[in-house]
Amino acid sequence: MKIYITFNNEALPDFKAGWGFSCLITGGEKNVLFDTGCEGRALIYNIEKFGFTVYNIDVIVLSHHHWDHTGGLFDLLTLNNNIEVFIHSTFSINFANEIKKKALLRISDESKKILDNIFTTGVLKADPDEQSLLMTTDSGVTVLSGCSHPGVDRILDVGKTFGNIYAIIGGFHGFADLEILKDIPIIGACHCSQYIDDIKMLYPDSYREIRAGDIIEIA
């Protein structure tokens, strides 16, 4: 399976940066986009720069309702309305109703299977409430987080119920208990993570730079 970083604060040359996070997961039965960054133009540009189009997206999962993770959604759905969109019930009713006009809405409050090898943690209570994605492969469990408002530790605890943690990629917010990360082979802290420099110093062999345009292959 491959993870294409389609939106992040930093970008490789020829890709566009913006505040927020999004990544495209391929290699399974369907292509899954996790979060949509803060706006659609840069997101679509980056998706196409990878050689995909919005019509290659089958499923979208949104971690939480903040604008920097949902901003590109409706630009995508305007172009392709044959997409399943997974949110949790703490998103507003108005937001859910707007999705229903353009796509197939799914509610994922509990931990559940999205596709073969891809699961949601279900909604974890925080401010705001948030869900993360879990990918299971031969290497172990790869965790994809939006901002980790519930805490990286809580998200990893859910991930560990599926197997050993192989990677965690996404926003860590203000999470500072970095000792918890010590046995994880790939640590891709990005977007809103406040302690990237500390993670890089503590875990130079595990730390992975994450920019729009990066591709992470998971065996």
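The values are calculated or read from the model by the stated rules, or taken from the named source; none is laboratory data. What you see is a predicted model, and the numbers here were worked out from it, not measured in a lab. Please note: Cβ atoms are built from the backbone with ideal geometry, for glycine as well, and neighbour counts cover all protein chains shown.
General remarks:
- Residue among Ser92, Ser193, Ser111, Ser148 that alone is free of Cβ contacts under 8 Å to residues at least 60 places away in the same chain, polar (S, T, N, Q) and more than 23 Å from Leu24 (Cβ to Cβ): Ser92
- Residue check for Ala167: surrounded by fewer than 18 Cβ atoms within 10 Å (Cβ to Cβ), modelled with pLDDT of 95 or more and touching a Pro at 6+ places or on another chain (Cβ under 7 Å): no
- All positions within segment 132-152 that are in contact with a Leu (Cβ under 7 Å, 6 or more places away or on another chain), over 18 Å from Ala176 (Cβ atoms) and not in a strand (DSSP E or B): Ser132
- When Asp198, Asp129, Asp183 are checked against the criterion of being more than 24 Å from Trp19 (Cα to Cα) and either in contact with a helix residue (DSSP H, G or I) (Cβ under 9 Å, 6 or more places away or on another chain) or not small (Gly, Ala, Ser) (or both), Asp183 stands alone in meeting it.
- Yes/no for Ile155 being assigned to a helix (DSSP H, G or I), free of Cβ contacts under 8 Å to residues at least 60 places away in the same chain, closer than 24 Å to Thr36 by Cβ and of a type outside the set (Phe, Trp, Tyr): yes
- The conditions of being out of contact with any Asp or Glu (no Cβ under 6 Å at 6 or more places or on another chain), farther than 20 Å from Val59 by Cβ, free of Cβ contacts under 8 Å to residues at least 60 places away in the same chain and in a loop (DSSP other than H, G, I, E, B) are not met by Gly188.
- Test: residue in segment 72-84 that is under 18 Å from Pro128 (Cβ atoms) and not hydrophobic (A, V, I, L, M, F, W, C): no
- Which numbered condition Phe119 misses (of (1) within 16 Å of the chain's Cα centre (by Cα); (2) assigned to a helix (DSSP H, G or I)): (2)
- When Leu105 is tested against the conditions (1) in contact (Cβ under 8 Å) with a residue 60 or more places away in the chain; (2) over 14 Å from the mean Cα position of the chain (by Cα), the lone failure is (1).
- Tabulated pairs, segment 48-75, first more than 14 Å from Thr36 (Cα to Cα) and at pLDDT 95 or above, second part of a helix (DSSP H, G or I) and of a type in the set (Ser, Thr, Tyr), C-beta under 8 angstrom, 6+ apart or interchain: none
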